[in-house]
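First up is the structure itself, then whatever we jot down about it.
Laboratory data are not the source of any read-out in this text; all were calculated from the coordinates shown. From a predicted model like this one, the values you see are computed outputs, not experimental measurements. Heads up, the Cβs are rebuilt from the backbone with ideal geometry, glycines too, and the neighbour counts pull from every protein chain shown.
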Amino acid sequence: MVVVSLEQVYKEYKLGKTTTPALNGISLQLMEGEMIGLMGPSGSGKTTLLNLMGGIDFADRGKVFVYDRDLENMSDRQLAAFRSRTLGFIFQSFNLIPVLTAFENMEYPLVLQGIAKKERRRRVEEMLAAVGLTAVKDHRPDELSGGQRQRVAIGRALITGPKLVIADEPTGNLDQSTGKAILELMKELNEKEKTTFILATHDPMVASYMKRVLYLRDGLIVREEEG
């Protein structure tokens, strides 16, 4: 089953009078159960590509379909509901809610889904243990290290059991041992639940867990390797 389909996608950004091309006609299909890595230098288009797949941004030309849905034609409410049911995001900048604890940040997506309190607590406690944060579950983001905040963000993205996880440098703030543990968790979800992952990374260790690695340069896929 095709999870994501991009058809001749172009995207550029304007800053004052300067126009910077980010994607230059990318076509790509992501199949269910894949783990795909995106690699390439800064500015090659990795983050832009992830943002289009998640409906955070939209193409200037071309089409982006996620589970056969054209995200650009959805209303804000439809898009929010679709993301909540289907997607998990791991942002490079964490995007945690500063007034909520680690526990509450992970719990929040389950609240939005209407999950009962007892079940929410069970899932959050399990995820806190899986990402090694049980001891700091009552700490707010400003009381956590960068690596701990990254792990909260990862747990929040995975806790709803999303079909598709979109991750931008998910291990960028983690030490190698913790990063490997997180990748093992993702691999387990991929194998047991058929969760589909697409990750942007600079880390060869992350790429080694991928089934397919796409190399980007100047907004184009220039090379592809099987994992």
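So here's what we get for this one:
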{"item": "DSSP bridge orientation in the chain - percent antiparallel, rounded to nearest 5", "result": "60"}
{"item": "Those aspartates and glutamates that a straight Cα-Cα span of less than 13 Å connects to K180, excepting residues fewer than 8 apart in one chain", "result": "E188, D203"}
{"item": "FRET efficiency estimate (nearest 0.05) - Cβ-Cβ, R77 to L15, R0 25 angstrom", "result": "0.25"}
{"item": "From phi via Karplus (6.51, -1.76, 1.60), per-residue ³J(HN,Hα) for the range 137-146 in Hz, x at Gly/Pro", "result": "5, 9, 8, 7, x, 6, 9, 10, 6, x"}
{"item": "The range 1-59: trypsin sites (Lys or Arg not before Pro) in DSSP loop, at most 12 other beta carbons within 10 Å", "result": "K17"}
{"item": "Nearest 10 degrees, 0 to 90: helix 102-112 Cα axis against the chain principal axis", "result": "70"}
{"item": "The range 22-151, dipole about Cα centre (Lys/Arg Cβ +1, Asp/Glu Cβ -1), debye to the nearest 20", "result": "300"}
{"item": "Distance cut-off 24 Å, percentage of C-alpha pairs in the chain lying past it", "result": "43"}
{"item": "Cα-centre dipole for the chain with unit charges at Cβ (Lys and Arg positive, Asp and Glu negative), debye to 20", "result": "440"}
{"item": "Point-to-point label distance, K192-V99, nm (Cα→Cβ direction, 7 Å offset)", "result": "3.6"}
{"item": "Note, ³J(HN,Hα) from phi for the range 70-86, Karplus 6.51, -1.76, 1.60, rounded to Hz, x at Gly and Pro", "result": "7, 4, 5, 8, 8, 6, 4, 5, 5, 5, 4, 5, 5, 4, 4, 7, 10"}
{"item": "Subset of K11/K211; K137/K194; K17/K211 violating a 32 Å alpha-carbon distance limit", "result": "K17/K211"}
{"item": "Amide H within-cut-off set for T195, under 5 Å, with H built and near neighbours excluded", "result": "N190"}
{"item": "Trypsin sites (Lys or Arg not before Pro) restricted to DSSP loop in the range 161-227 with at most 16 other C-beta within 10 Å", "result": "K194, K211"}
{"item": "Calculated [θ] (222 nm, deg cm²/dmol) that DSSP helices of n ≥ 4 give over the chain, each run adding -39,500 (n - 2.57)", "result": "-11000 deg cm²/dmol"}
{"item": "Footprinting exposure proxy for M205, M39 (fewest neighbouring C-beta atoms within 10 Å first)", "result": "M205, M39"}
